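Take a look at the structure below.
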Amino acid sequence: MTPHPSGTLLQATRVIIIICLVLLGIAAVVLVIGGIVLPIKWDYAVSVIARERPEVDTVGLLSQILMIFAFGFVPIVLAWSILRKLLEIIATVEQGNPFVHTNAIRLKAVGWMMVASYVISVPLAIVAKEVAERFGDGNIDADGFSLTGVLAILLTFVLAGVFEQGAAMREEMEGTV
Amino acid sequence: MPVTVNLDELLYQRRMTLTELSERVDITLANLSILKTGKAKAIRFSTLEAICHALDCQPGDLLGVKGAAA
């Protein structure tokens with residue numbers, strides 16, 4: 001196989017994805033540990049808050065923090081799955097065979113996972129804003145809207161369609177002599 | 001497949017092997033084999049022309065349609 005012109009870029013992307021996967025793994029572990037330890041050590045946490053920030057109302061705070069952990073865990077799992085699928089797509093590009101139906105399905109799945117991640121970011125931002133306001137910091141964007149995010153989702157679905165067509169054309173070419 | 005490829009018969013009549021034809025028309029043996037066994041989904045005009053020149057025949061000698069009037 002001749003070296004692909006964008007081989008270096010793909011290699012760099014692969015390295016970045018692997019680093020992101022490791023970071024996501026760490027974040028997931030931290031959330032799980034936090035979700036388990038915080039309720040157990042909540043009395044201690046309340047005493048620390050009462051000492052450091054006596055003005056903060058801690059009634060219902062634990063459930064809000066646990067909700068943030070839960071809402072935060074979902075996008076991490078989704079991002080993990082998206083990055084895994086991107087690694088699989090990169091592997092097919094490196095093998096010189098990217099135009100296969102499997103990649104179209106992978107891209108569609110990535111698109112839907114991005115939609116899910118986008119949707120879950122709304123309640124996450126709302127709860128995070130409420131918690132931040134308790135601590136006197138309400139500077140969190142709670143509407144969750146991002147033009148870049150919407151464009152990325154649309155681009156992914158368009159690309160999935162391109163791959164679908166590409167795979168069909170490739171299949172046709174393979175049988176041509 | 002309703003379209004039939006009579007390459008085997010034409011090669012036999014001309015006492016030519018598939019390898020020899022492959023060298024003459026500059027098409028890989030693998031592709032000619034796909035054509036010969038009827039596994040090809042399509043044939044390029046350039047391929048058809050090269051084979052017809054090499055075997056001194058017309059496209060109709062090489063290809064046929066099963067069940068259609070000759």
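Remarks
- Hits in segment B:32-41 (condition: facing chain A (nearest Cβ under 9 Å) and either open to solvent by less than 30 Å² (accessible area, probe 1.4 Å) or modelled with pLDDT under 90 (or both)): B:LEU32, B:LEU35, B:LYS39, B:ALA40, B:LYS41
- Flag: B:LEU48 does not match the condition of being in contact with a Ser or Thr (Cβ under 6 Å, 6 or more places away or on another chain), at negative phi, within 12 Å of chain A (Cβ to nearest Cβ) and assigned to a helix (DSSP H, G or I).
- Among residues of segment B:54-70, those that are touching a residue at least 24 places away in the same chain (Cβ under 8 Å) and either out of contact with any Pro (no Cβ under 9 Å at 6 or more places or on another chain) or of a type in the set (Ser, Thr, Tyr) (or both), counted: 8
- Any chance A:ALA45 is in contact (Cβ under 8 Å) with a residue 24 or more places away in the chain and assigned to a helix (DSSP H, G or I): no
- Residue within segment A:144-162 that is within 14 Å of chain B (Cβ to nearest Cβ) and open to solvent by 50 Å² or more (accessible area, probe 1.4 Å) present: no
- Selection count, segment B:44-58, where residues are under 22 Å from B:GLN13 (Cα atoms) and either open to solvent by 50 Å² or more (accessible area, probe 1.4 Å) or of a type in the set (Lys, Arg) (or both): 4
- Filtering segment A:48-87 to residues that are open to solvent by 70 Å² or more (accessible area, probe 1.4 Å), part of a helix (DSSP H, G or I) and either of a type outside the set (A, V, I, L, M, F, W, C) or touching a strand residue (DSSP E or B) at 6+ places or on another chain (Cβ under 6 Å) (or both) leaves A:ARG51, A:GLU52, A:ARG84.
- Test result for B:VAL65, of a type in the set (Val, Ile, Thr) and either surrounded by 17 or more Cβ atoms within 10 Å (Cβ to Cβ) or on the phi > 0 side of the Ramachandran plot (or both): no
- Candidates A:ILE90, A:ILE120, A:ILE105, filtered to the one that is open to solvent by less than 30 Å² (accessible area, probe 1.4 Å) and closer than 27 Å to A:ILE16 by Cα: A:ILE90
- Within segment B:16-30, the set of residues being without any contact (Cβ under 8 Å) to a residue 12 or more places away in the chain, within 14 Å of chain A (Cβ to nearest Cβ) and in a helix (DSSP H, G or I) comprises B:SER22, B:LEU29, B:ALA30.
- The listed residue being away from chain A (no Cβ under 11 Å), modelled with pLDDT under 90 and farther than 20 Å from A:GLU171 by Cα, out of B:ALA54, B:ALA69: B:ALA69
- Residue within segment A:15-24 that is farther than 30 Å from A:LEU87 by Cβ, open to solvent by less than 40 Å² (accessible area, probe 1.4 Å) and touching a helix residue (DSSP H, G or I) at 6+ places or on another chain (Cβ under 6 Å) present: no
The values are calculated or read from the model by the stated rules, or taken from the named source; none is laboratory data. Note that the coordinates shown come from a computational prediction; the quantities given were computed from them, not determined experimentally. Note that we place each Cβ from the backbone using ideal geometry, even for glycine, and neighbour counts take in every protein chain shown. What goes into the accessible areas is simple: the full protein's heavy atoms, side chains included, and nothing from ligands, DNA or RNA. Shrake-Rupley method; radii C 1.70, N 1.55, O 1.52, S 1.80 Å.
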